[in-house]
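Comments concern the structure below.
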Amino acid sequence: MFRIKKYSYVLFCMIISILMISSFYVSAHEIFYNGSTPAPLKWYDVSYRTANLKMNGDYLSIDYSPQYYSVRVAWPNASSRVSVTNSSFYGSNVDLATASENTWDNRFGIPYGYYVYGVCDMVSTDGYQLNSYSNANVSSKLIKYAGILLTPYTDEFDNSTQMRFVMVHEIGHALGLGHPNTYYFVTNDASVMRQGTTETYYAPQTHDINDLNNKY
């Protein structure tokens, strides 16, 4: 009887350990890695496996603003794991805005700033700026706010599809998605999260949807 109880206890502990590991491990491309160790981030407001974003684009320039509606619905149209509500600037938690030339040049420098198209500045629920592995790793790993700044040098885009690609890409970061072509488990699969490219599409691809399904 003791031996049976002992083995039952060991089996129980193994099951609990597996469940605990699976609850923290996320099989998706992450934003930050330390070698092969990720700091998995995800959006904080999640219900029924759906990330709920409140988005605003009031401070987009005239070059970007016509693209805003298509960009706002791109992720929800592609996956039930994302819900986006258009919100006032004062009620939003994801803001898209066009940077001034001065702001962009001071941040990225010249001429490098001409080749950076967007950036997503994120803050965790416990107040960490999610701009490095070390910050992300000690944070709650839950993204509460994302401020997306877009390049003022829109002449660098060949067409509106490239512009939308960048905008949708940065929203993907707000959802916690990283670059599939630059870090751990590198892949050349079609993805709106590919870094250093502006593709002929802007809708999330199968790879992106799989990453969302694994993350949420």
Among the residues of the stretch 66-98, write down those that are crowded, with 20+ Cβ neighbours inside 10 Å, assigned to a helix (DSSP H, G or I) and of a type in the set (S, T, N, Q). Q67
Only one of these conditions is not met by G113: (1) closer than 22 Å to V84 by Cα; (2) buried (at least 16 other Cβ atoms within 10 Å of the Cβ). Which number is it? (1)
Within the stretch 54-97, residues in contact with a Pro (Cβ under 8 Å, 6 or more places away or on another chain) and farther than 13 Å from G172 by Cα come out as S61
Scope the stretch 135-175; condition more than 15 Å from the chain's Cα centre (by Cα), in contact (Cβ under 8 Å) with a residue 12 or more places away in the chain and farther than 24 Å from N86 by Cβ; matching residues: N137, S139, S140, Y153, E156, D158
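With respect to K54, determine if the residue is modelled with pLDDT of 95 or more, under 19 Å from D211 (Cα atoms) and either of a type outside the set (S, T, Y) or touching a Gly at 6+ places or on another chain (Cβ under 8 Å) (or both). Before you say what the answer is, go through the steps one by one.
Values: modelled with pLDDT of 95 or more: yes; under 19 Å from D211 (Cα atoms): no; either of a type outside the set (S, T, Y) or touching a Gly at 6+ places or on another chain (Cβ under 8 Å) (or both): yes.
No: the conditions fail for K54.
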Does the stretch 26-65 hold any residues that are exposed (fewer than 15 other Cβ atoms within 10 Å of the Cβ), of a type in the set (S, T, N, Q) and in contact (Cβ under 8 Å) with a residue 40 or more places away in the chain, and which are they? S27, N34, S36, S61
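The values are calculated or read from the model by the stated rules, or taken from the named source; none is laboratory data. Remember, predicted model here, so these are calculated numbers, not experimental data. Reconstructed Cβ throughout: ideal geometry from the backbone, glycine too, with neighbour counts over all protein chains shown.
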